[in-house]
Amino acid sequence: MQKIRKGDNVVVLTGKDKGRTGEVIQVMPKEDRAVVRGVNMVKRHQRQTQAQEAGIINKEASLHISNIAIVDKDGKPTRVGFTVVDGKKVRVAKRSGEVIDG
């Protein structure tokens, strides 16, 4: 089970976007990376296709999972642990002890 999943609200812990929050769009578990909406924006040159025009576009680049943390109910970053509730493994916020999902 992953500690950070698609759709989670996260905060960036280090780097140029430190302190910014956003929603996880994509998680790449084999590379230990995640893409967060509106964070770590980079410019990319794009060739023209039938679907899109040519030009320079802004898009999100991936961040290492160790550089982001789930936002707790009080708006601060928290670590994630696991417990078994009713025979089901669920994620738990270490700061508040609250169940994240399930």
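The values are calculated or read from the model by the stated rules, or taken from the named source; none is laboratory data. As the structure is a computational prediction, the values presented were derived from the model and not from experiment. As a convention, Cβ positions derive from the backbone with ideal geometry for all residues, glycine included, and neighbour counts pool all protein chains shown. To get the accessible areas, we keep the full protein, side chains included, count just its heavy atoms, and leave off ligands, DNA and RNA. Shrake-Rupley method; radii C 1.70, N 1.55, O 1.52, S 1.80 Å.
Every condition in (1) open to solvent by 60 Å² or more (accessible area, probe 1.4 Å); (2) under 23 Å from GLU98 (Cα atoms); (3) at pLDDT 95 or above holds for VAL24 except the one numbered (1). When residues in region 54-91 are screened for being within 17 Å of VAL42 (Cβ to Cβ), of a type in the set (Gly, Ala, Ser) and exposed (fewer than 12 other Cβ atoms within 10 Å of the Cβ), 1 of them pass.
The sole residue among LYS30, LYS43 that is within 22 Å of PHE82 (Cβ to Cβ), open to solvent by 90 Å² or more (accessible area, probe 1.4 Å) and at pLDDT 95 or above is LYS30. Listed by first and then second residue, the pairs linking a residue in region 54-82 that is without any contact (Cβ under 8 Å) to a residue 60 or more places away in the chain and under 26 Å from GLY97 (Cα atoms) to a residue that is in a loop (DSSP other than H, G, I, E, B) and of a type in the set (Asp, Glu), with Cβ atoms under 6 Å apart and 6 or more places separating them unless they lie on different chains, are THR78/ASP72. When the criteria are applied in full, GLN50 fails the requirement of being under 29 Å from LYS89 (Cα atoms) and surrounded by fewer than 17 Cβ atoms within 10 Å (Cβ to Cβ). Going by the structure shown, is LYS94 modelled with pLDDT of 95 or more and more than 15 Å from ASP8 (Cα to Cα)? Criteria not met by LYS94.
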